[in-house]
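Data first, discussion second: the structure below is written as structure tokens.
The values are calculated or read from the model by the stated rules, or taken from the named source; none is laboratory data. Model, not experiment: these values are computed from the prediction. Ideal geometry is used to build each Cβ from the backbone, glycine not excepted, and the neighbour counts take in all protein chains shown.
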Amino acid sequence: MRSSIDRGVLYMLLASLLFAFMGAFAKLSSMHMSPLEVVFFRNVFGVALILGSFWHRPMRQKGGKLWLLLFRGTMGFLALLAFFYNIAHIPLGDAITFSKTSPFFTALFAMLLLGERLSMRGWVALGIGFAGIVLVAKPQGLAFAYTDYIGIFSGLGAALAYLSVRELRHYYEIRTIVLSFVTIGTVGPLLLMLVSPYLTHESLAFARGEFVLPHGIVWLYVAGMGVAATAAQLLMTKAYATTQAGIVGAASYANIPFAIGVGFILGDAFPDMITLSGIALIIAAGSMVAFVTKEKQ
């Protein structure tokens with residue numbers, strides 16, 4: 001038992017480090033292209049890999065929830081776009097911290113939409129988590145910055161995508177569910193690039209961009225992002241298959257200090273004490289939510 005826990009935590013720590021590297025390559029890529037195009041290249045690798053797996057092992061599933069499948073893919077794409085927009089505009093550690101708030105929103109939506117009960121410890125965790133979000137955002141008065149709203153949406157959108165998987169897994173293979181995400185995440189950016197001249201409202205800034213053909217070292221950044229993301233996904237899957245979800249979920253928050261370190265190497269400012277306090281609260285609350293969720297399973 002102990003050895004399986006050790007392996008599961010090790011897999012998740014390695015996955016977290018690779019996710020930080022993925023963010024670093026995305027940040028470097030964003031210096032040469034829009035976040036829309038970064039999302040396109042991030043997902044096109046996934047489409048190729050999953051379609052290749054279907055060639056070797058055909059799908060076996062019931063189906064019948066097409067609209068929910070499209071909803072999962074769309075929310076996952078928009079959350080990833082918001083995440084990559086923030087990677088391009090704020091420190092990497094802050095962007096990843098916002099994305100790691102998704103467990104709080106998942107617990108909240110599960111209560112509001114699915115009627116699941118939330119224990120007192122769960123409510124305490126949510127309170128701590130949302131306090132951490134405020135400290136990271138540091139609103140001036142009651143006003144959040146645009147990147148704060150985008151960061152919160154990256155966590156909220158991911159939560160809705162994850163929540164839909166609970167229902168979808170009874171009808172579709174995991175590969176099909178992931179394919180809905182990476183396919184929409186490949187086609188969506190191309191469509192948004194076409195209509196970008198008409199997306200003039202300032203709230204849609206994260207969804208604007210134009211295609212710029214990568215050149216030189218940018219291809220290395222794009223390839224590094226795809227390889228790191230794929231390897232991290234595989235290691236994360238192995239981690240959850242090896243040991244308890246609560247332990248693995250808590251270990252996944254190592255992603256944040258890894259991202260702070262990698263971002264600092266790339267030139268990001270080191271977080272101040274207020275931001276570090278908020279990050280600490282989010283990590284603590286996320287770990288609490290992970291263990292509360294594990295106890296209910």
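Considering (1) modelled with pLDDT of 90 or more; (2) surrounded by fewer than 22 Cβ atoms within 10 Å (Cβ to Cβ); (3) of a type outside the set (A, V, I, L, M, F, W, C), say which one E37 fails and leave the rest.
That leaves (2) as the condition not met.
Based on what the data block shows, is I217 more than 22 Å from L163 (Cβ to Cβ) and either among the β-branched types (V, I, T) or exposed (fewer than 13 other Cβ atoms within 10 Å of the Cβ) (or both)?
yes
Given (1) closer than 30 Å to T275 by Cβ; (2) more than 21 Å from the chain's Cα centre (by Cα); (3) at pLDDT below 90, where does Y171 come up short, assuming only one miss?
It fails just one condition, (1).
What's the number of the condition L179 fails, among (1) crowded, with 16+ Cβ neighbours inside 10 Å; (2) free of Cβ contacts under 8 Å to residues at least 40 places away in the same chain; (3) of a type in the set (A, V, I, L, M, F, W, C)?
The number of the failed condition is (2).
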